[in-house]
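These notes are about the structure you will find just below.
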Amino acid sequence: MDKLCRSIWIFCLLFLVTGCWDQNEIEERGFVIGAAIDMVEEQTDDSGGEMSEIELGDKYKLTYQFVVPGNFIGGSSGGGQSGGGALEGKPFLNLTAEGASIHQITRKMAAETSRKPYLEHINLIVLSEELSRKGHLRDVMDFFVRDHEMRRVAKVMVSEGEARKVLEISPQHEKMPVLFIESLSENIVKHSTSLPPINMGDVHSYLLKGNSFIIPRIVVKNNKGAILGAAIFNSQDQKMIGTLNESETLGLNFITGKVKSAVPEFLINGQLVAFEIKGAESKIEADVSDKNQIKFTVKINVDGNVGELYGDLALENRSVLSEIEEKTAKEIERITNRVIDKIQKKYKADVFELGAYLKQEHYKTWQQVNKEWDKGENYFSKSVVDVQVRVDVRQIGASIKMVK
Amino acid sequence: MLRHVFNKRLKYQKQNVEDKQNDMPSTIYTDIQANLDNIKRILNAPSDFIQRIFTISDSEKKCAIVCIDGLVDKDMINDQLIKNIQLGMQTAKKEVPASSDEILKKLKNEVLSTYELKIVDILDDVLLAILSGDTALFINGTDKVLLVGSKGWDSRGIDEPQTESLVRGPREGFTENIRTNTMLVRRQVKDPNLRLESSKVGRRSKRDLVVCYVEGIVHPDIVAEVNRRLKTIDIDEVAESGTIEQWIEDSSLSPFPQVLHTERPDKVASAILQGKVAILLDGTPFVLIAPTTFVSLFQSQEDYYERWIIGSLLRMLRYVAAFFAVFLPALYIALVSFHQGMIPSKLAFSIAGAREGVPFPAIIEALMMEATLELLREAGIRLPKPIGQTIGIVGGLVIGEAAVQAGIVSPVMIVAVAVTAISSFAIPSYGAGIAFRILRFGTMLAAGIFGLYGIILTYIMINIHITRLKSFGIPYSTPFAPMFYRDWKDVAIRAPITAISKRPQYMQTVDKTKIGKGDESS
Amino acid sequence: MKSFEYGDSEVGRKEVLAGVANMVIGFGVLTLPRTVANATHSIDGWISISLGGLSVIFFAGVLAKLISRFPKKNLHEFTSLIINKPIATILTFLFASYMMLFICYEMRVVAEISKLYLFDQTPTEVICFVFFLVTIYAVSGPSTVILRLNLLFMPIILFIIFLLIVMNIGFFEFKTTKPFFQTGWSGILRGSKETIFSFLGFETLLFYNSFINAPKNTVKFTIMGMSIPLLLYLLVFVFVVGVFGVEVAENTLYPTAELAKRVEIPGGFFERFESVFFTIWVVTLFSTASMAFDVTLLAFTSIFKKIKRMTFIFFLSPLIYIIAMSPQNFAETSIFGEWISYLGIGFSMFMPLLLLVIAMMRGVKGNG
C-alpha cells in the first residue's frame, strides 16, 4: 500500500513538468517602453463589402517604441554579439499600426515583429492633441488601467500635434527617446514651468473623481522635444479644451503648491533682479457663506534667495530686501491672477483643485454645489479667488555688491 | 502514507550484540603451550604474532607473553614486562610462590610496574585484548591470564582540524586515537560530573565508543535515548562516526543533518555544557553531537571568541548566505523567465541584450552551470592539494569566461552561480551546505515551472519539513517553533557574553544557569 | 512543554495567537477596502471596521471561553458532554463539511489571485493542484506542526504588510482622507456587515483545543490574536483611502493590490512590488487553507474514530479539488464565498454562544 501511494504521488508530480506555460525568456520579449496614440484621419475601405459598425467608427493609430536590447548595451563587450548588426545600431524601434481597440492594434503589430509586445516596462504614454480634444482619453486609458501588465507609474502626456513624432525625437544623454523624455520630466523640479509628472494612476484617479484636470504637454520642434505647459481637460466629457503656456502653468503650480523652484524676474529702479525661489507652499481658505459667490483665499508662502542682481543695489540694506520681497510677491500675484482669470473666464474648469478643497473642509457646501461646480451653473467661475503672497528672502548669496 | 515517505520511523529492536563464535573452544588451558597453540590456530598464525616463552626468575615456572607486533609498545614490554618478570622477583628478594595463581597475584601486586593490569579467565577477552594491543601473560599451571596494557602504535599527532579552521581559536583537533580524544575533551571540561561511558561497537570491528556528557546538566531522557539508539547498532563494521550518525538519526530521508559532527574539542565542550551529548569513536577524528537543531548549523565557534557585534553580524551574514545559496539561482530563473517586469527597466534591457544569442532558456542554463560547478567541486576534493587550488581558479575563470564567449550562457548567470557557490561555502556546517545544495536544485526546478509561485511553494515545503523534523525528540525548528524567546539571544545575533546567562531553554537542562551571580556559585 | 518530546500533542499560547491571526488574515484584506468604501464613501469606514472587528472579537472571546471550559477536548467531545452524543455528531459533521467547503474556497481564491497577478497562461487547475499538493504534505503530519508553522510565517506576513504600509507613507496625503464623520450610521453599519466576513476563521480553535496546554490563557491570547487582523485591516483601509482617495478605492477590484503597485522602491532596486507582495500572500493563504484542511480531518476523525487520518486525506482530496474547481468564473466564486461566510457566522458566532449558555446553565465543565 505504501509503495502504491508513493508511486501515485510521484506520477502526479510528473504532470507538472510537462509544461511551463508561462515561461517566456527575457530575450524573447518585445519590451515596449513608450506608446503614442493618434487618431486616424481617413477611413479607407478596401474590403468591398459591408463594414461593421466598429470599422466605421473612430480608429486609433498606435505607435509602440520597442527596445532592441542587443543594441542597448551598445556594441560593447564579448557577451551578446548577436544580431545587432542588421539594425543600424539603434537601440529602439518604433512600430505603428491602426485599429479600433488597443488590444486589436497590439495584435496586429505582433504580426510585424518577432517579439510579442511586452508592456510591463512601459514608461510613457503620449496622446495626441486631436485625440484629447475629441474626448478619447477616457477610452484609451481604460486599456492601460485595466490590464494588469501595466505599471501604474507610466507617465502620461499630451502632445502638440502628432503623438508619434514624440517618439522620434533625438535623445540626448539617453539611449532612447522615451528614456530621454522621462529624464526631462524628472527635471521639471528645476523649473516648474510644467507640471510634475502625472502618471496613469493619477489620471485614473482624476477620471473617477469627476474633476477637471491637467496633463503635461510635450512639444516637438526640429526633432527636439520639450515639456512645456499643460493641457486642460474638463470634467464633463473629459475633452481637452485648452492649453496653458509656461508662465500660466507656473502660476497654476503656485496655487496648487507644487512649485519646487522658479525664478521670477522684476525690476527695481530699472534694474533687473532675479529671485530664486527655493520653496513655495500654498494654503487655501474659503468663505462659503454665499454659495453663489464663494470667496477663496489662497495664501502662498515663498522662500528664496536673491539669484541675480543687475545693478548696484545694496543688499545689506533691510529696506532693499523688503522691496525685493514685495516686488517678488507682486510678480507672483500677477502670474497667478492671470492664470486664474484665464481659467475662470475662458475655460471655466476647476484645475486648481478648489473643489477638492471644498469637499475636504466644507463638506456640506460641497454637497450642494458639487453637481454643478464647473459645469452647468458653474459655481466655480462665479467664485472669487484672491491670492496673497508672502515672500521671505533667506539668503543673498556670496557677494553683497558686484561693483563699488 | 506521506509521513512514511518523508519521515521514516526507525523500528528499534533490542538485539543482543554478543559474539558467538561457535566452533572455537573458549577455554584457557593451564598448559601454556596448549594456550599458545590454540591462539595461534584461532588467529591463523599471522606474521605479526609474537610469542615469547621465558621463566620467572628463580623458579622453574614457565610463562609466555603473547602480543601483536605493531600494536604494542615494544620498549615497554621489553623493559617493564619481560625484564621485571625475569629479574624482578629476584631483585626484590621475594620468594617465588608455589602456585601459579599466587604467582600471578604477586606479579600483579608487587612486581610489575605497569599501570594497566587485569586478570581474566575468558578466552574472548584475551583475544580482544591481544588484538587491541595489550599483552597477555600466561603462566604454566593456571587458567587465569594476566592482561597488561601495552598499547602503543603510530598515529597522527594532534593537528589543526582540517575541516573547521578558525581565525581565532585553539588549533587542536581530534585524532583517530580515542584515548587522545578523550584527553582533549577532559582538558576542556574538568568537571567531576563529566561522564565518559565506553562501549564497543561493531561486530567484527569492535571499536571503542565513548558517550560523553555532563551529568547534572543534560536532561536524562536525552542520554537514555542516545544510549538506546546506540545499543541497536548491529553491523560488522563501524568505520566512521558517519555510520553511527546514519544509524541513529531520526529521518534518513531528510536532506538536513540531525546530528552534528565536529573535529574541534572546544566545540564538543561547549555542546556538552549546553546539555547535549557527544559520541566519540575510535578511528575517526569526527565526533558526533546530538541533538541538533537548525540554528546550530549556522553557529561557529568563532562567533563566541570574537566580540559580540562581530559575532552577530557574521551570524546574520550566514543567514543571508543560506538564503542566497538556496534561492538565488531560482530567483534568477523566475525573474528572467517569468516576471521580467520586476527587474528595473535598464537592467532588464541589459540582461535581455546579453542574452540575445543564448540558445537555452534560463532554467537549462542555470542547471548546466550548477551541474558544472558541482562537478568541479567534486573533482577538486580528490585532487592533490596544489592541483586542487588551480582547478578552482581554472574552472571559475576559464570555463565561465569561455562559456560566455561562446554564447552558451549569459554573464549574469555566471555572476549568480558564483555568488551562490561562495554563499554555500559560508555556512559553517558541511552537512548543511550539502543540504542546501540539494534544495537549490529542487527550488530551481520549481522556479523553472512556476516562477515566483514555485519558489514560494518550495519555501513553504521546506518550512513544513523543518518544523516536522525532530532530532532526538527536539523539534528541528526550535527555538522558532516552538518558540523560546530567551534562546533567540544566541540565534540570529550573538548577545554579549554576560547576557547569555542561562543554558538553552529548549534543552531543558537540569542545571539552568551558566554564569554565577556575584559571589554565588552557579 | 512538559514531556521531553515536546509532544506531538501540545502547543502553547503563542501558537494560539499566531494560529488565530494567520487563519483570519486571508483573502479579506484584498477586497475589504473596496467593500467598506462602497458602503461609507469616506474614510469613516474605519469606524465600520472597528465596530465589525470588535463585535467579532466578542464572539471569539465567547468561543475561547467555551473551549477553555473544556480543556483538551474538541467540539465533538464537549458537545456530547453539554447536550448529548447524537447531536454532537451531527454538529461536528456539519462543521466538518463547512470546513471542507472553506478550504475549497480558499484554494480557488489562491488560484484566481495567482493567475491574475503572477501568471498569464498557466491553467488555474494546475496552480490550484500544486498548491493543494503542498497542503496535503502539510496536513499529513501531526497537527502541531501546522500550528508551529504559523509561528514561523507570522513574522514574514507582518513584515510584508509593514513594508507595504511604510513604503506608501510618502504617498499618503492626509487631506485626501477628509472629510471625516460625514457618513450616516446606516452607511457605517452597512460597512460593518461587510467587514464581519473578513474576520472569520477562528472557529478552528474548536478543534485545536485538544492541543492547547494552558487553558487559562486561551481567552486572552485569542483576543490578542484577533486584534492583529483588526489592526491590519484598519491600517490598510486608512492607507488605501489616504493614498488613492475614496473614489478609486470604490472602483478598483483589489485596492490593496493597487497599493502594492504604487510602491516604488528607492533606488529602483526592483519594480513591481506587487508580485513580491502576492507571493508572500500565498503564504498566509496557505496557512489558512492547511489549517482548514487539518480541522476538517480532525473533525471527521473525531466522529469516525476507526478510520485513519491518512485514509481520509486520500479520499477527501479529490473531492475537495473537484469542488474547488467547480465555480466557473469569478462571480460564481464570490457567491460561493458569500454562502460560506454565512455558514461561518453561524458556526463561529452563534453556535459557540449557544453551547456556552447551555453549558453554563447546566453547569457542565470539562474536568480540568
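How about the stretch A:86-109: which of its residues are more than 22 Å from residue A:155 (Cα to Cα) and at pLDDT below 80?
Passing the criteria: A:86, A:87, A:88, A:89, A:90.
Within the stretch B:455-476, track down each residue that is within 7 Å of chain C (Cβ to nearest Cβ) and among the polar types (S, T, N, Q).
B:463, B:467 - these are the residues of the stretch B:455-476 that are within 7 Å of chain C (Cβ to nearest Cβ) and among the polar types (S, T, N, Q).
Which of the residues belonging to the stretch B:480-492 are under 17 Å from residue B:275 (Cβ atoms), in contact with a Lys or Arg (Cβ under 8 Å, 6 or more places away or on another chain) and within 11 Å of another protein chain (Cβ to nearest Cβ)?
Answer for the stretch B:480-492, where residues must be under 17 Å from residue B:275 (Cβ atoms), in contact with a Lys or Arg (Cβ under 8 Å, 6 or more places away or on another chain) and within 11 Å of another protein chain (Cβ to nearest Cβ): just B:482.
In the stretch B:41-83, which residues are part of a loop (DSSP other than H, G, I, E, B), among the acidic types (Asp, Glu) and either closer than 22 Å to residue B:152 by Cβ or at pLDDT 85 or above (or both)? Spell out the reasoning first.
Quick first cut of the stretch B:41-83, residues part of a loop (DSSP other than H, G, I, E, B) only: B:44-48, B:56-61, B:69-71, B:73.
Retained after the next criterion (residues that are among the acidic types (Asp, Glu)): B:48, B:58, B:60, B:69, B:73.
Answer for the stretch B:41-83, where residues must be part of a loop (DSSP other than H, G, I, E, B), among the acidic types (Asp, Glu) and either closer than 22 Å to residue B:152 by Cβ or at pLDDT 85 or above (or both): B:48, B:69, B:73.
Only one of these conditions is not met by residue B:409: (1) more than 31 Å from the chain's Cα centre (by Cα); (2) in a helix (DSSP H, G or I); (3) not polar (S, T, N, Q). Which number is it?
(2) is the only condition that residue B:409 fails.
Here's the yes/no breakdown for (1) within 14 Å of another protein chain (Cβ to nearest Cβ); (2) under 30 Å from residue C:84 (Cβ atoms); (3) aliphatic (A, V, I, L, M):
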| site | (1), (2), (3) |
| --- | --- |
| C:304 | no, yes, no |
| C:308 | yes, yes, no |
| C:311 | yes, yes, no |
| C:317 | yes, no, no |
| C:355 | no, yes, yes |
| C:360 | no, yes, yes |
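Mind listing whichever residues of the stretch B:372-398 are more than 20 Å from residue B:332 (Cα to Cα), assigned to a helix (DSSP H, G or I) and touching a helix residue (DSSP H, G or I) at 6+ places or on another chain (Cβ under 7 Å)?
We begin by selecting, within the stretch B:372-398, every residue more than 20 Å from residue B:332 (Cα to Cα); these are B:375-395, B:397-398.
Those left that are additionally assigned to a helix (DSSP H, G or I): B:375-382, B:385-395, B:397-398.
Across the stretch B:372-398, the qualifying residues are B:376, B:379, B:380, B:388, B:391, B:392, B:395.
Kindly provide the set of residues from the stretch B:195-218 that are buried (at least 19 other Cβ atoms within 10 Å of the Cβ) and either over 23 Å from residue B:243 (Cα atoms) or within 14 Å of chain C (Cβ to nearest Cβ) (or both), ordered by number.
B:214, B:217, B:218
Quick one: which of C:236, C:240 is over 19 Å from the mean Cα position of the chain (by Cα), closer than 25 Å to residue C:330 by Cα and not hydroxyl-bearing (Ser, Thr, Tyr)?
Details: C:236 fails: over 19 Å from the mean Cα position of the chain (by Cα).
Sole residue among the options that is over 19 Å from the mean Cα position of the chain (by Cα), closer than 25 Å to residue C:330 by Cα and not hydroxyl-bearing (Ser, Thr, Tyr): C:240.
Being modelled with pLDDT of 80 or more and surrounded by 20 or more Cβ atoms within 10 Å (Cβ to Cβ) narrows it down to one of C:238, C:243, so name that one.
Numbers: C:238 fails: surrounded by 20 or more Cβ atoms within 10 Å (Cβ to Cβ).
Unique residue meeting the criteria: C:243.
If a residue has to be farther than 17 Å from residue B:172 by Cβ and among the hydrophobic types (A, V, I, L, M, F, W, C) to count, how many in the stretch B:273-288 make the cut?
Here the count works out to 5.
Tell me, please, whether a residue that is on the phi > 0 side of the Ramachandran plot, away from chain C (no Cβ under 13 Å) and out of contact with any Lys or Arg (no Cβ under 6 Å at 6 or more places or on another chain) can be found in the stretch B:510-520. Break it down stepwise before answering.
Let us first name the residues in the stretch B:510-520 that are on the phi > 0 side of the Ramachandran plot, namely B:518.
From what's left, away from chain C (no Cβ under 13 Å): B:518.
Imposing the further condition that a residue be out of contact with any Lys or Arg (no Cβ under 6 Å at 6 or more places or on another chain) reduces the set to B:518.
Yes, there is a match, as at least one residue in the stretch B:510-520 is on the phi > 0 side of the Ramachandran plot, away from chain C (no Cβ under 13 Å) and out of contact with any Lys or Arg (no Cβ under 6 Å at 6 or more places or on another chain).
Working only within the stretch C:137-150, note down all residues that are surrounded by fewer than 24 Cβ atoms within 10 Å (Cβ to Cβ), touching a residue at least 12 places away in the same chain (Cβ under 8 Å) and within 7 Å of another protein chain (Cβ to nearest Cβ). Write out each step before concluding.
To start, the set of residues in the stretch C:137-150 that are surrounded by fewer than 24 Cβ atoms within 10 Å (Cβ to Cβ) comprises C:137, C:140-144.
Filter once more, so that each one left must be touching a residue at least 12 places away in the same chain (Cβ under 8 Å): C:140, C:142-144.
C:140 - this is the single residue of the stretch C:137-150 that is surrounded by fewer than 24 Cβ atoms within 10 Å (Cβ to Cβ), touching a residue at least 12 places away in the same chain (Cβ under 8 Å) and within 7 Å of another protein chain (Cβ to nearest Cβ).
Can you report the number of residues in the stretch B:455-502 which are surrounded by 24 or more Cβ atoms within 10 Å (Cβ to Cβ) and among the charged types (D, E, K, R)?
2
In this structure, is residue A:356 in contact (Cβ under 8 Å) with a residue 24 or more places away in the chain, outside any helix (DSSP H, G or I) and outside the structural domain of residue A:213 (by TED's automatic domain parsing)?
Against the criterion (in contact (Cβ under 8 Å) with a residue 24 or more places away in the chain, outside any helix (DSSP H, G or I) and outside the structural domain of residue A:213 (by TED's automatic domain parsing)), residue A:356 does not qualify.
Which residue pairs have Cβ atoms under 6 Å apart, sit 6 or more places apart or on different chains, and have a first residue in the stretch B:278-301 that is over 20 Å from residue B:214 (Cα atoms) and a second that is surrounded by fewer than 24 Cβ atoms within 10 Å (Cβ to Cβ) and small (Gly, Ala, Ser)?
Here the result reads B:284/B:241; B:297/B:429; B:297/B:432, each pair linking the stretch B:278-301 to a residue that is surrounded by fewer than 24 Cβ atoms within 10 Å (Cβ to Cβ) and small (Gly, Ala, Ser).
Touching a strand residue (DSSP E or B) at 6+ places or on another chain (Cβ under 8 Å), at negative phi and charged (D, E, K, R): is that true of residue A:325 in this structure?
Numbers: touching a strand residue (DSSP E or B) at 6+ places or on another chain (Cβ under 8 Å): yes; at negative phi: yes; charged (D, E, K, R): yes.
For residue A:325, the condition - touching a strand residue (DSSP E or B) at 6+ places or on another chain (Cβ under 8 Å), at negative phi and charged (D, E, K, R) - is met.
Say we look at the stretch B:420-441 and pick out the residues that are crowded, with 16+ Cβ neighbours inside 10 Å and of a type in the set (A, V, I, L, M); which of these is modelled with the highest pLDDT?
Per the criteria, the residue is B:439.
May I ask you to list the residues in the stretch A:125-166 that are outside any strand (DSSP E or B) and among the β-branched types (Val, Ile, Thr)?
A:140, A:145, A:153, A:166, listed by residue number.
I need the full set of residues from the stretch B:351-371 which are surrounded by fewer than 20 Cβ atoms within 10 Å (Cβ to Cβ) and in a helix (DSSP H, G or I), in order please.
Residues satisfying the conditions are B:364, B:367, B:368, B:371.
Residues in the stretch B:326-339: is at least one modelled with pLDDT of 85 or more, among the aromatic types (Phe, Trp, Tyr) and touching a Ser or Thr at 6+ places or on another chain (Cβ under 7 Å)?
Looking for residues that are modelled with pLDDT of 85 or more, among the aromatic types (Phe, Trp, Tyr) and touching a Ser or Thr at 6+ places or on another chain (Cβ under 7 Å), one finds at least one in the stretch B:326-339, hence yes.
Residue check: is residue B:447 part of a helix (DSSP H, G or I), more than 9 Å from every other protein chain (Cβ to nearest Cβ) and surrounded by fewer than 21 Cβ atoms within 10 Å (Cβ to Cβ)?
The answer is no for residue B:447.
The values are calculated or read from the model by the stated rules, or taken from the named source; none is laboratory data. This is a predicted model, so every value here is computed, not measured. We place every Cβ from the backbone using ideal geometry, glycine too, and count neighbours over all the protein chains shown.
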